[in-house]
1. Is one or more of the residues making up region A:75-86 farther than 28 Å from residue B:148 by Cα, surrounded by fewer than 16 Cβ atoms within 10 Å (Cβ to Cβ) and in contact with a helix residue (DSSP H, G or I) (Cβ under 8 Å, 6 or more places away or on another chain)?
2. Among the helices (runs of 4 or more DSSP H) lying completely within region B:63-136, list those that include at least 1 residues that are within 14 Å of chain A (Cβ to nearest Cβ), over 30 Å from residue A:70 (Cβ atoms) and at pLDDT 80 or above.
3. Just for region B:43-54: of the residues that are surrounded by fewer than 21 Cβ atoms within 10 Å (Cβ to Cβ) and part of a helix (DSSP H, G or I), which one is farthest from the other protein chains (Cβ to nearest Cβ)?
4. For region A:48-66, what are the residues that are more than 17 Å from residue B:151 (Cβ to Cβ), surrounded by fewer than 16 Cβ atoms within 10 Å (Cβ to Cβ) and in contact with a helix residue (DSSP H, G or I) (Cβ under 7 Å, 6 or more places away or on another chain)?
5. Test residue A:12 against the stated conditions and say whether it is closer than 20 Å to residue B:182 by Cβ, part of a helix (DSSP H, G or I) and in contact (Cβ under 8 Å) with a residue 24 or more places away in the chain.
6. Within region A:50-97, track down each residue that is more than 7 Å from chain B (Cβ to nearest Cβ), assigned to a loop (DSSP other than H, G, I, E, B) and at negative phi.
7. Quick check on my filter: what residues within region B:55-74 are within 18 Å of residue B:169 (Cβ to Cβ) and buried (at least 20 other Cβ atoms within 10 Å of the Cβ)?
8. Could you please give the count of residues in region A:20-34 that are modelled with pLDDT of 95 or more and more than 12 Å from chain B (Cβ to nearest Cβ)?
């Protein structure tokens with residue numbers, strides 16, 4: 001997780017203007033991805049959460065991305081290929097087990 | 001995984017399992033992942049028979065090189081890596097459906113610094129809510145296989161970036177950026193589909 005701590009800092013700075021307003025939503029979404037994927041380290045997460053608490057636009061973008069991710073994942077999960085009944089047996093047979 | 005790679009790993013940390021141990025590892029550590037392996041294979045090949053062949057081939061290789069697997073380590077990631085490499089090295093060549101997209105061209109475009117700025121996806125959560133799984137799967141299937149793969153590994157199989165890095169043989173930073181681009185591509189496809197269907201007004 002520490003792999004991204006420097007990248008997080010640099011990217012975070014690019015997201016906001018001097019007044020602290022979100023000016024680069026596209027870059028911010030990259031940070032959101034890291035957080036939603038549980039790949040942000042503790043320090044990055046702290047900075048992120050503080051921003052979410054205080055910036056309406058950031059909070060809205062985060063919630064929107066989170067919902068989108070959950071929806072897509074749920075739809076993909078409900079549409080899985082049927083596993084052939086004889087697959088496990090065929091595998092065992094092919095390795096003589 | 002190429003034979004050379006497997007052999008290299010074998011040299012590095014070769015185990016010496018008895019026949020009974022091999023059988024036990026195969027049953028308790030490898031076989032529980034059959035369903036995930038098949039789902040992954042099917043999402044790569046789009047064909048039931050091809051997916052079945054790919055999974056069987058993967059398990060045969062896994063058994064053949066079982067001494068290079070360290071018991072108690074991440075069997076699922078190890079198997080996925082073999083499957084992914086089998087798909088790339090052997091399966092893709094004889095695939096009934098040759099790749100229609102030039103991966104290098106796509107990656108080059110999406111690797112440009114401002115690629116993220118160019119993507120303006122008009123996709124609302126409500127729109128996705130109204131879609132059925134078949135439609136979302138169709139959109140996923142429409143994106144190039146290397147991008148599709150990272151979404152499957154992360155969002156459907158729950159692999160970490162580090163695990164994905166090992167499975168795909170790419171740096172962890174590339175996993176992050178490719179995943180971001182893949183998700184943008186998926187959103188674009190979903191938005192296109194929604195527009196065609198009249199979901200997006």
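The values are calculated or read from the model by the stated rules, or taken from the named source; none is laboratory data. Being a predicted model, the structure only gives us computed values, none of them experimental. Cβ coordinates were reconstructed from backbone atoms using ideal geometry, including for glycine residues, and neighbour counts include every protein chain displayed.
1. Checked against the condition, which is being farther than 28 Å from residue B:148 by Cα, surrounded by fewer than 16 Cβ atoms within 10 Å (Cβ to Cβ) and in contact with a helix residue (DSSP H, G or I) (Cβ under 8 Å, 6 or more places away or on another chain), region A:75-86 yields no hits at all.
2. Answer list for region B:63-136: B:75-86.
3. Here the residue is B:50.
4. A:59, A:64
5. No; evaluated as a whole, the condition is false for this residue.
6. A:55, A:82, A:85, A:86
7. Correct list: B:58, B:62, B:68, B:69.
8. Going through region A:20-34 one residue at a time, the tally reaches 0.
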